[in-house]
Structure formats: C-alpha cells, structure tokens
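The values are calculated or read from the model by the stated rules, or taken from the named source; none is laboratory data. Keep in mind the model is a prediction, meaning the values are calculated, not measured. Backbone-built Cβ (ideal geometry, glycine too); neighbour counts: all protein chains shown. Keep in mind that these areas ignore ligands, DNA and RNA; they rest on the heavy atoms of the full protein, side chains included. Shrake-Rupley method; radii C 1.70, N 1.55, O 1.52, S 1.80 Å.
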Amino acid sequence: MGCTLFITFEGIEGCGKTTQVRRLADNIKGMEITVVLTLEPGGTRVGQDIRRMLLDSRNSNLTPLAELLLYEADRAQHVEEVIKPALEEGKWVLCDRFFDSTMVYQGYARGQDMTLIGDLNEKCCSGILPDLTFVVDCPVQIGIKRALKRNEVHMEEGQDRFEREKRDFHEAVRKGYLKMAMEAPKRIVVVDGTLNKDELEKVIFNYVRPFLAGGVEA
Ligand code: TYD
C-alpha cells in the first residue's frame, strides 16, 4: 500500500489557482513523490472534446441540464482514466477544479438542483474524494481584471464564454465557495488569492507539508 494524496484547487476565474497548483506540483516533485497534475474540464482526450464544447461561446444556448451533464461526463471519464489509477499507484494527484466547481457554478450560481448535483458527483467520482481542497479566494473585481489580462494574450475567437459572464454570477460563485468551505472545514481551506504568488505558494505548501511525512493510506 502506497501513501497517496488527492488535492484539488478551486476558486473564481482569475484567482490564481492554476499558477498555484503548478507551483505546488513542482515543489512536491522535488520530494521523490510522483505527482499527476490534471484539470477539469479536460483531463482526458474525451474530456478535451467536452471542454471545447463547454467553453465555446457558440454553445451559449446549452441548456443548464445539458451543461451539468457534460461537466459530469468529463468527470466520470477523468476519475476512471486518470485519477483513480494514479491514486492506486500511490501517486499524488493535484487537480485544477473538481466537483466543488459543479456544486458552486451549476448549483449555487446557476440554481440547479443541488441534490441532483450531489448525486451525480457521487456517481461520477465512484468513491474518490479529495483529501484536501484549496479555495483561492479573491474579490471578483480582481479576478476579472486578471482573467481579462490573461485573455488578451490567449483568447481564441469564439472561446471562453465564462469570463464574459456578469459580475453577479462571479459574486455568487465566490459566495458559494465560502459557504462550501464553512460546511466542510476539515477538507476545504480558504487561502488569500490577493497575496503575491510567492507568498501564497508558501502558505499552501505549509498546509501540505504535514502530509509529506506520511500521506494518506491508499
Ligand atoms: P477554465 O478556462 O479552466 O477556467 P479557470 O482557469 O478559471 O479554471 O474554464 C473552466 C470553466 O468551467 C470555469 O468557468 C468554471 C467552469 N466549470 C463549471 O462551471 N463547472 C464545473 O464542474 C467545472 C469543473 C468547471
């Protein structure tokens, strides 16, 4: 039996979680632990196709239920193809967004049935739960500003309808994450996304450090 850990990163757009998940992966790799760095949506080949569908602005007429089912389909494939096998091999898995994103975006922010989302999450995760989740929290205005800056460089035409969502939506997402964190304080840690990148990297690493000695039994 190997020692293993499943860590997820969550937050509003532009909160800085993607930078931090990469930095944590680099820090852990230096410690003789095999790390799988992955993301949702899009952690598998099938998932990349689903991701394209979800983020394409031409698909803004997706019904809420169709959207929810696409995120869950991506997750079902990702858990079976990537996350579960890696954990079984004793690797650490770091994932940029996971099931909390669905609870918050489709549930709290878009008002879909939370019980349905909970049931779908349970089914699609087939028993896999994060050991630790970082919510990188920052004010919506800061997140949007960062996300727009990033998109000036990377945005392809027709892509990324999410970052054009209304401000209220992002506020609801942020609130949703903070509520989830209050409800699951043992698993979810809220960290300050307004810190500079190096400081935040240290804060996050300090939370993970105790696990480096033992990890969690696979
Ligand atoms: P992405 O470009 O990965 O955004 P970010 O860099 O902020 O993670 O786009 C993912 C988008 O998908 C993001 O707007 C959040 C959304 N999303 C959901 O609405 N539900 C989900 O279950 C997941 C995993 C993501």
Over the chain, average the accessible area per residue using a 1.4 Å probe and give it in Å², no decimals. 51 Å²
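What net charge do the residues around L120 carry, taking every other residue with its C-beta under 13 Å from that of L120, with Lys and Arg at +1 and Asp and Glu at -1?
Working: positive: R75, K123; negative: E67, E72, D74, D113, D119, E122.
Around L120, the surrounding residues sum to -4.
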Order by protection proxy (mean Cβ within 10 Å, highest first), peptides 60-72, 11-23: 11-23, 60-72
So how do I83, I142 rank on accessible area, 1.4 Å probe, biggest first, that is with the largest at the start? I142, I83
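Can you give the local net charge around F99? Use residues other than it whose beta-carbon is closer than 10 angstrom to its beta-carbon, Lys and Arg +1, Asp and Glu -1. List each step's numbers first, then the result.
Details: positive: R75, R97; negative: E10, E40, E72, D100, E122.
Summing Lys/Arg as +1 and Asp/Glu as -1 gives -3.
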Please report the net charge: other residues with Cβ closer than 10 Å to the Cβ of L129, K and R +1, D and E -1. -1
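Of all beta bridges DSSP finds with both residues in segment 5-212, what is the antiparallel percent, to the nearest 5?
Details: 1 of 20 bridges.
Percentage antiparallel, nearest 5: 5.
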Run the accessible area of the chain with a 1.4 Å probe and give the carbon-and-sulfur part as a rounded percent. 53 percent
Straight-line reach only, C-alpha to C-alpha below 19 angstrom: list the lysines that K17 could link to, leaving out same-chain residues fewer than 8 apart. K29, K145, K149, K175, K179, K197, K202
Amide H contacts under 5 Å for V189, restricted to residues at least 5 apart in sequence or on another chain and with H modeled in the peptide plane, are T133, F134, V135
Say each of E88 and K175 gets a label point 7 Å from the Cα, pointing the same way as Cα to Cβ; how far apart are those two points in nm? 4.3 nm
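For segment 5-212, divide the Cα radius of gyration by the Kirkwood radius and give the resulting Rg/Rh value with two decimals.
Numbers: Rg = 16.2 Å, Rh = 17.4 Å.
So for segment 5-212, dividing Rg by the Kirkwood Rh gives 0.94.
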